[in-house]
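The values are calculated or read from the model by the stated rules, or taken from the named source; none is laboratory data. This is a predicted model, so every value here is computed, not measured. Note: ideal-geometry Cβ built from the backbone for every residue, glycine included; neighbour counts use all protein chains shown. Just so you know, the surface numbers come from the protein's heavy atoms only, side chains and all, with ligands and any DNA or RNA stripped out. Shrake-Rupley method; radii C 1.70, N 1.55, O 1.52, S 1.80 Å.
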Amino acid sequence: MSVTGPKTANSSPSRIRKTPAEVTAAINPSTKRRLWITLSFPLLIVLAIPFWWYVTSIERIPLPESRIAALENATLPSIRPKILFTADVDAFPTPPPGRAVFEHKVILQSLAREVLKGIDGIYEQRRPKKLRNWDLVYDDDKREHTPLRLHIRRWEHANTSWPLEPYVQASETGLMTSGIKGGTLVIPVHPSQIGDRFLKQHYKIAIINSLLGLYPPDPPEIPLRALKYSPNITLSFVLLNEDSSEGSYVRSWDIEGAIRDHLLPHLELLSPIFNFTIESQLLYHAPLTFEPTYNATDAAGNQRAIDAAIETGKGDEENAKAVAKELADEQTEKAWIIDEEQMKVFVNSERWSLDSGSTNNPVLRFLLYVPAAKHRPMRLSTPDSAQSFLLPQFGGVVLLNPPPSTPSASTYHLPFSALTPAFHLFTQHLYSLLALPPTPDKIHPSPPPTPLHAPSSLIQPITPWQVHQVLLARTRENSEEARKTLMGIVRLVKKIREMKVGQVVRGKVLGAVERLEQLSSNNTALEMFILTRDAVGLANQAFFDPTMMGLLYFPDEHKFAVYTPLFAPIAVPLILGLIKEFLAWKRRRGAKRQTMPTASGSPVARDRELEGRQQTVNEDASPAFEQTEVSETQFAGVELATQSNEANDGERLTDLDTATTERRSLRSRSKRLR
């Protein structure tokens, strides 16, 4: 059996000749290639920066800031509506024979001058001084709609005493009508009063008092209890039984008839301002979150009843005894009292199902509450013994106590007549929540067309005069709200750099600005209201646009938190590699400078050349395996090459000693030459 020993240098000369430096050079890439590999990563990042910048950049289209700033200090232009002034031909006395006969229009103009002079004088005496912002016209211009009208009517059924009783004509239907358009301010005069020598003064006083009440110099303020303007409003009417399981509860009600007769006449004239949606609901279980206090009724109300009973029983001894007995019963009457603090938490929104479908519109809720049999009668602790209370910006509540004669185990239906008092209160609550001005005290209710018609028990609907004031008040509110919203958008865009401003947002802002700039004194009240309504709607849409809110939750800190874990592990070895390459390049450059000859064939040049070679040999002989990772196969090749070169180690050491001796001799020769 033959044993094969390791190969010697003579058997494989090519492998024996390779040094460790040559093996390292064969395994690792060249210096130039290694530099390109190291530079490729930062070069790729640099080339990707434009694409990253385009993808992550925020679109910020400039807004019309100068136009918005100009609107901030602008005032709402005032308008001067025209009031059509007319009168019946026979509403003025006929001049006696021999006197000049004036035209009907001339008589109206003379009376109008006196009226305007009186109103201007009253406004001048007020502090601060006010100015009249309307005019009187005498011809009905068909091309220009005049909603405000003033008419002097000769009427046989008018009051025959002084002063005159002006009223606003209600809308009439049927065959027998007065012929006067609804909403007209009417000054009625009886035929017997026309010959009075002071008739002109009575006309003047009645017209001045009426116009001061119906058309004040400033539009009414929007109170805090009123609902903020919204074009769409939902009216929800809910009947709540406290506990139907105990019996004596309401099973149905004539809500359709009540809404038709009590509510719709008031809403029709408000259709240019609000869009109403009406819904109704009946609940059978609506418990209270507190227990009312069982106590005596209001003492002030009892005192009024006592005074009335005393007046009734005067002069009759038997009647006085009956009155005394009735008063004793009333004094001992008790009720379940709800105080002011309990009114604030009366509505139990958690347990009462008062949701009005899936709508984002503001909802005004009008609640008709029927107490359970154990809590009857239920009263409010108010001085006027009212049975209702208003909840600001929410709605109203009316307490309905069934008659004591109602059996405890019965259920009943609420007819139209039983709902009339409650809907009168609901109408007043609606006026308060919508900031509708009430009818002035100097304006009397509209009489029926003829004495054959019974007076209406319903509340007179809102008049065009009141609607005009609502238009002015809401126009001012919408104008201020639109300006504030636009200025808020500009401030937010300046403050938050991450907020996106796209073409859609800019278009809405421009639309709002253009509508505010279109406001002028030549517009009518309705035209100005429509412009401001659209302006505030567009401004709110731009402010709450989802594209503007998308990047608000990604500030710069968030970006650093995302990019740092991603790029820090990659950047550290890249930077270290670049530093090492730079240092290696600097060493190679220094070595080249040292090997450059200072004189042709001089010993000094040869000495420097030998030193450079020795330094290069030492660097190449150093273990370069620290910079690159060598596989197991390559390490095996290096070990084999090392074993095969053991025979030549003595030869290499001899060459190294010879080179050292030669270098020393060159140094001594150079010293002698110096």
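No other residue among LEU425, LEU414, LEU452 is over 29 Å from LEU227 (Cα atoms), open to solvent by 30 Å² or more (accessible area, probe 1.4 Å) and out of contact with any helix residue (DSSP H, G or I) (no Cβ under 8 Å at 6 or more places or on another chain) apart from LEU452. The set of residues in the stretch 70-109 that are free of Cβ contacts under 8 Å to residues at least 60 places away in the same chain, farther than 19 Å from THR532 by Cβ and assigned to a helix (DSSP H, G or I) comprises VAL89, HIS104, LYS105, VAL106, ILE107, LEU108, GLN109.
Any chance the stretch 353-360 includes a residue that's of a type in the set (D, E, K, R), in a strand (DSSP E or B), at pLDDT below 85 and surrounded by fewer than 18 Cβ atoms within 10 Å (Cβ to Cβ)? No, the conditions are met nowhere in the stretch 353-360. Can you name the residue in the stretch 236-262 that is of a type in the set (S, T, N, Q) and under 21 Å from SER349 (Cα atoms) and is also surrounded by the fewest Cβ atoms within 10 Å (Cβ to Cβ) among such residues? Ranking the qualifying residues of the stretch 236-262, first place goes to SER245. Selection of the stretch 367-377 for residues being open to solvent by less than 10 Å² (accessible area, probe 1.4 Å), within 14 Å of TYR249 (Cβ to Cβ) and outside any loop (DSSP other than H, G, I, E, B) yields LEU368, TYR369, VAL370, HIS375. Residues in the stretch 175-226 that are part of a helix (DSSP H, G or I) and either of a type in the set (Gly, Ala, Ser) or assigned by TED's automatic domain parsing to the domain that holds PRO392 (or both): 4 in all. When GLU172, GLU114, GLU124 are checked against the criterion of being touching a helix residue (DSSP H, G or I) at 6+ places or on another chain (Cβ under 9 Å) and of a type in the set (Asp, Glu), a single residue qualifies: GLU114.
Scanning the stretch 545-595 for residues being modelled with pLDDT under 80 and not in a helix (DSSP H, G or I) gives a total of 6. Taking the stretch 197-212 as the region of interest, how many residues are within 21 Å of ILE79 (Cβ to Cβ) and surrounded by 17 or more Cβ atoms within 10 Å (Cβ to Cβ)? Final tally of qualifying residues: 2.
Taken as a whole, the stretch 146-165 holds at least one residue that is at negative phi, out of contact with any strand residue (DSSP E or B) (no Cβ under 9 Å at 6 or more places or on another chain) and open to solvent by less than 60 Å² (accessible area, probe 1.4 Å). Can we say ALA26 is closer than 30 Å to ALA584 by Cβ, in a helix (DSSP H, G or I) and among the small types (Gly, Ala, Ser)? In short, yes.
Conditions tested, residue by residue: (1) closer than 24 Å to VAL467 by Cβ; (2) of a type in the set (Phe, Trp, Tyr); (3) open to solvent by 50 Å² or more (accessible area, probe 1.4 Å).
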{"position": "LEU516", "(1), (2), (3)": "yes, no, no"}
{"position": "SER521", "(1), (2), (3)": "yes, no, yes"}
{"position": "ALA542", "(1), (2), (3)": "no, no, no"}
{"position": "ASP545", "(1), (2), (3)": "no, no, no"}
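Which of the following residues is over 22 Å from ALA422 (Cβ atoms) and within 38 Å of the chain's Cα centre (by Cα): LEU263, LEU214? So the residue among LEU263, LEU214 that is over 22 Å from ALA422 (Cβ atoms) and within 38 Å of the chain's Cα centre (by Cα) is LEU214. Restricting ILE119, ILE152 to residues that are touching a Leu at 6+ places or on another chain (Cβ under 9 Å) and part of a strand (DSSP E or B) narrows the list to ILE152. Among the residues of the stretch 121-135, those that are surrounded by 13 or more Cβ atoms within 10 Å (Cβ to Cβ) and over 38 Å from the mean Cα position of the chain (by Cα) comprise ILE122, TYR123.
Taking the criterion of being touching a residue at least 40 places away in the same chain (Cβ under 8 Å) and open to solvent by less than 80 Å² (accessible area, probe 1.4 Å), the residues of the stretch 569-585 that qualify are LEU574, GLY577, LEU578, GLU581, ALA584.
Close Cβ contacts (under 8 Å, 6 or more residues apart or on different chains) running from residues in the stretch 138-165 that are under 18 Å from ARG197 (Cα atoms) and at pLDDT below 90 to residues that are open to solvent by less than 60 Å² (accessible area, probe 1.4 Å) and assigned to a strand (DSSP E or B) comprise ASN159/PRO188.
Among the conditions (1) over 20 Å from PRO231 (Cβ atoms); (2) open to solvent by 30 Å² or more (accessible area, probe 1.4 Å), VAL493 misses just one, which is (2).
Residues in the stretch 87-101 that are within 60 Å of the chain's Cα centre (by Cα), open to solvent by 40 Å² or more (accessible area, probe 1.4 Å) and among the small types (Gly, Ala, Ser): there are none.
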